[in-house]
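The values are calculated or read from the model by the stated rules, or taken from the named source; none is laboratory data. Given the structure is predicted, the values throughout are model-derived calculations rather than measurements. Cβ: placed from backbone, ideal geometry, glycine included. Neighbour counts: every protein chain shown. When the accessible area is computed, the model is the full protein with side chains, heavy atoms only, and any ligands, DNA or RNA have been set aside. Shrake-Rupley method; radii C 1.70, N 1.55, O 1.52, S 1.80 Å.
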Amino acid sequence: MQEAVSTPPRPPGDGRSSRWTEHRRARREEFVAAGVEAVRLAGPEFAVEDVARSAGVSKTVIYRYFADKEELVDAVLEQVATAVLLPRLLGELAIERADDLERLRSVIGAFVQFVEDEPALYGFAYAHAGRSGRPDAVAGTELAVAEALAGLMRDRLAAVGRPTEGAATWAYGVVGMVQLAAHWWSGARTVPAAALVDQLTALAWGGLSTLLPYGSPR
């Protein structure tokens, strides 16, 4: 009778695949951070060579982790949106303020301050907004802020027994107004930043006060 031949069990994985995956992820993060710095130094039309120089590697190394410059641009855009701009704006909305007017002023001021502090990153983000067939990090950021602002206002309106239907209209209107006005101002600079914030806050508050009177409970 022929003796059955057993198949030896496979040795457990040595972890090389997972270590390589983690290494690749970490290296991509390094190069994306270098891309952000390259935008700050070289401007919105940075070259892959600028990223390589910032990272201290050759351009060939960059292309081992990104298929082409477009993929690198997408990754840098996402980093600017999610790690630089969005935390500023949502962070302001999360802070308790004396009243709704101050909360509104703070988030508008945070966006204008971003334009002031990071002109190259701002120019880069908006130069690539709405590219055909590519992720739009700017639109995603605006959507997140508008939804957060609308949610806060729905809660405030509901708390004082007011209809909540106008909250989203107001929030999206404010985000669009601030974005377009700040974009115009970034080139025109007809008034100081503080005056721009005051003007935009007054315009936004004028709309909100029709929904939520200033004298309502806070």
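Numbers at a glance
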| quantity | calculated |
| --- | --- |
| Axial C-alpha extent at least 30 Å, average Kyte-Doolittle at least -0.5 - helices from the chain (DSSP) | 137-159, 166-188 |
| Estimated FRET transfer efficiency when R0 is 45 angstrom, pair Thr21-Val160 (beta carbons, to 0.05) | 0.30 |
| Summed residue charge, Cβ within 11 Å of Asp136's Cβ, Lys/Arg positive, Asp/Glu negative | -1 |
| Additional length obtainable on full extension of the chain from Lys59 to Ser186, 0.36 nm per residue less Cα span | 42.5 nm |
| Around Ala26: net Lys/Arg minus Asp/Glu count, Cβ-Cβ under 15 Å | +3 |
| Share of carbon and sulfur in the accessible heavy-atom surface of segment 43-146 [1.4 Å probe, %] | 52 percent |
| Size of electric dipole in segment 69-206: Cβ of Lys, Arg +1 and of Asp, Glu -1, about Cα centre, debye, nearest 20 | 240 debye |
| Average projection area in nm² (convex hull over Cα atoms of the chain, one quarter of hull surface) | 20.8 nm² |
| Estimated [θ] at 222 nm from DSSP helical runs (n ≥ 4, -39500 (n - 2.57)) normalised by residues in the chain, nearest 500 | -22500 deg cm²/dmol |
| Average accessible surface area per residue within the chain, 1.4 Å rolling probe, Å² | 55 Å² |
| Rel. contact order, % - alpha carbon contacts under 8 angstrom, at least six apart, the chain | 19 percent |
| Length-normalised contact order of segment 20-66 in % [C-alpha pairs under 8 Å, at least 6 apart] | 35 percent |
| Extension reserve of the Glu102-Glu116 stretch, reckoned as 0.36 nm per residue once the Cα distance is removed | 3.0 nm |
